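One structure below.
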Amino acid sequence: MLFHLAEPAALLGIVLAFVIGIVVHDGAQILAARLARDPIPRRSGRLTAGVGTQRISPFSWVGVLIGGAGWAEPIRMNDVWRKRRFHVAAALLAGPISYALLALASLAGARALTQRAVIDTGDRAAEIVGGTFSVELLLWMAITFGSLCILSLVPVPPTDGGRILFLLGPQSEGWRKANYRLTEGNVGVVILLAVIILPVLFPGFPSVIGQLIWPLIRGLGSLIGIDLP
């Protein structure tokens, strides 16, 4: 995000998408958990529109400020009994799915305003070419929603993908120790920050989000007939 300080549409789009995305993400997971008859997430207090540390950690904000992507703090769910692990996994997947649907909705909004927009990915930051402020705003929101979706599926706690991995994985002693180190030792947070920040600071560093975001955005755009070359 620091590379877009001179671009109001990009800055506003990233911040709006992050805040909206996290709130909708939490709501989707709580609703899915309720459908799976798990009342615990509903008691988390995450159905409000606030964005305090209970919902977004300071480390996640660092990722957003530098790289334009972050993650939501985990919502406690009833995963004590192994027989419920698939119910919990389904509720967790509702989060990434909500990000993808928000990205699709943002692209649909841009589609209503223009037939074509060019995204120049550049070395470290993308640039929307040939669009109005509204189109650029919506496209940046779509890009941010897509980035949140991809990051949430990285198989490292505290992301949804990491939680699903250790939820459905073996329950061996080594597996539990690895989960403990990643969560309680904040090793997972360090890995996520590295995934977000290192490709931004060092152009030659491989970017998980950068490699997947454009195929995702173009694929979603093709569903509604918007051309993003």
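The values are calculated or read from the model by the stated rules, or taken from the named source; none is laboratory data. For clarity, every value in this text was computed on a predicted model and none was experimentally measured. Cβ: placed from backbone, ideal geometry, glycine included. Neighbour counts: every protein chain shown. Protein only, heavy atoms only, side chains kept; ligands, DNA and RNA dropped before computing areas. Shrake-Rupley method; radii C 1.70, N 1.55, O 1.52, S 1.80 Å.
Structure summary
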read-out	value
Test for F59: is it at pLDDT 85 or above, open to solvent by less than 10 Å² (accessible area, probe 1.4 Å), of a type in the set (F, W, Y) and touching a helix residue (DSSP H, G or I) at 6+ places or on another chain (Cβ under 6 Å)	no
Any chance I196 is part of a helix (DSSP H, G or I) and within 23 Å of G67 (Cα to Cα)	yes
Test result for R176, modelled with pLDDT under 90, out of contact with any Cys (no Cβ under 6 Å at 6 or more places or on another chain) and of a type in the set (D, E, K, R)	yes
Residues of the range 38-66 classified as in contact with a Lys or Arg (Cβ under 9 Å, 6 or more places away or on another chain) and either among the charged types (D, E, K, R) or part of a helix (DSSP H, G or I) (or both), total	7
Restricting the range 209-229 to residues that are aliphatic (A, V, I, L, M) and open to solvent by 70 Å² or more (accessible area, probe 1.4 Å), the residue that is farthest from the chain's Cα centre (by Cα)	L223
F202 under 19 Å from L65 (Cα atoms) and either touching a strand residue (DSSP E or B) at 6+ places or on another chain (Cβ under 9 Å) or surrounded by fewer than 21 Cβ atoms within 10 Å (Cβ to Cβ) (or both)	yes
The range 136-185 - residue that is in contact (Cβ under 8 Å) with a residue 40 or more places away in the chain and of a type in the set (D, E, K, R) and, of those, least open to solvent (accessible area, probe 1.4 Å)	D160
Given (1) β-branched (V, I, T); (2) assigned to a helix (DSSP H, G or I); (3) at pLDDT below 90, index of the condition I14 fails	(3)
Top-ranked residue of the range 85-107 - restricted to ones that are of a type outside the set (G, A, S), closer than 20 Å to P158 by Cβ and out of contact with any Leu (no Cβ under 7 Å at 6 or more places or on another chain), ranked as least open to solvent (accessible area, probe 1.4 Å)	L92
The range 67-95, residues that are of a type in the set (A, V, I, L, M) and either modelled with pLDDT under 90 or not in a helix (DSSP H, G or I) (or both)	A69, A72, I75, M77, V80
